[in-house]
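Written out below as structure tokens is the structure these notes cover.
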Amino acid sequence: MNAREEWLALRKKGVGGSDAAAALGQSPYTTALELYYDKIGEQVPRDIDADGLERTDFGRALEGVVASRYAHVYSVHLRRRNQIIRHARYPFMLASVDRTIDGMKAGLEIKTVDQFAYKLSGLWGEPESDEVPPHYLLQCAHYMACLDYAVWYLAALVGGHRMVRYVIERDRELEQMLIDGECLFWTHVETREPPPLDYEHPHAIGLLRRLYTGTNGGTINLPEDVYHWHRVRMDAEEHVKSYQAASDAARAHILHAMGEAAIGRLPNGGAYKRKTVHRPAYHVEDCDYTTLTYSRPKADTQEKDA
């Protein structure tokens, strides 16, 4: 077993900083149930995401570059802690941090961020603020709790060419919520009782498909509450069809009004644009088609693209 394999094996013995959000049901990427199976050694097969793996590899490769840049810009000396640190009171809380800052009770977390996600997600605030995506906030809070540090800095390399810094100060109320949530999650691990599945999580259906990959050929009678969810699903799908029909009708009105024009301006300053796109043949026949997009007026950020 190499050093990284040993590190990964040790991480299974507790909740790490990158696990914190999932343990509390706040991760956009992993459910608490997925994390539970990972911790008890019963990993659920995952769909291979080649792009995601490559992003992770690049992020790991660029960590040292960003750290060097950060040290230069902010005139600090960074230290790499080649160990996993345990919380003094809750030993299942583990911390494998990117860097600590010499002479300060402070640490540094390094992230690489796609520039479009940075601008459009609405999760990143102004640099030097503490407005970062919730799962990153919980990760930094976890590290401050484990190391008993007062502040954690987050350096984000945006688009591969710009570094921005965020400053996250220790919040005792948030920290207690984090500890309570992680304690509850770890109780599930110790008792081998799975946490409930968050059915509204974007990965819930994918997880269930991976958990139940086939059928046993049997038939069961579903409980009454499942009939309720059947009705919810049917009603929701009817609403989706209704809204889609209304959207299509509105689109038709706009296209009819524009005729062959390339741009149609609205009274509010917004505009619709039509352009012809050529799609080369591959699995389908060679064809041309016309797109319709809406550009918002600068003063109005509430309207959505057509």
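Taking first residues from the stretch 207-226 that are touching a residue at least 12 places away in the same chain (Cβ under 8 Å) and among the small types (Gly, Ala, Ser) and partners that are loosely packed, with under 10 Cβ neighbours inside 10 Å and outside any loop (DSSP other than H, G, I, E, B), no Cβ contact under 8 Å between residues at least 6 apart in sequence or on separate chains turns up. Within the stretch 162-180, none of the residues are within 27 Å of residue 37 (Cβ to Cβ), in contact (Cβ under 8 Å) with a residue 40 or more places away in the chain and over 25 Å from the mean Cα position of the chain (by Cα).
Can we say residue 180 is among the charged types (D, E, K, R), part of a loop (DSSP other than H, G, I, E, B) and either in contact with a Phe, Trp or Tyr (Cβ under 9 Å, 6 or more places away or on another chain) or surrounded by 10 or more Cβ atoms within 10 Å (Cβ to Cβ) (or both)? Taking the combined requirement at face value, the residue does not satisfy it. Residues being among the β-branched types (Val, Ile, Thr), in a strand (DSSP E or B) and under 20 Å from the mean Cα position of the chain (by Cα) are entirely absent from the stretch 143-151.
None of 220, 254 is aliphatic (A, V, I, L, M) and either closer than 30 Å to residue 44 by Cα or modelled with pLDDT under 90 (or both) except 220. For the stretch 55-99, filtered to residues that are of a type in the set (Gly, Ala, Ser) and part of a helix (DSSP H, G or I), the residue that is farthest from residue 154 (Cα to Cα) is 61.
Being more than 26 Å from the chain's Cα centre (by Cα) and more than 19 Å from residue 64 (Cβ to Cβ) is the filter; apply it to the stretch 74-96 and report the residue that is least open to solvent (accessible area, probe 1.4 Å). The selected residue is 90.
The values are calculated or read from the model by the stated rules, or taken from the named source; none is laboratory data. Here the structure is a predicted model, which is why all the values come from computation and not from measurement. When we count neighbours, we look across all protein chains shown, and the Cβ atoms used for this are built from the backbone with ideal geometry, even at glycine. In case anyone asks, the SASA skips ligands and DNA or RNA and just uses the protein heavy atoms, side chains included. Shrake-Rupley method; radii C 1.70, N 1.55, O 1.52, S 1.80 Å.
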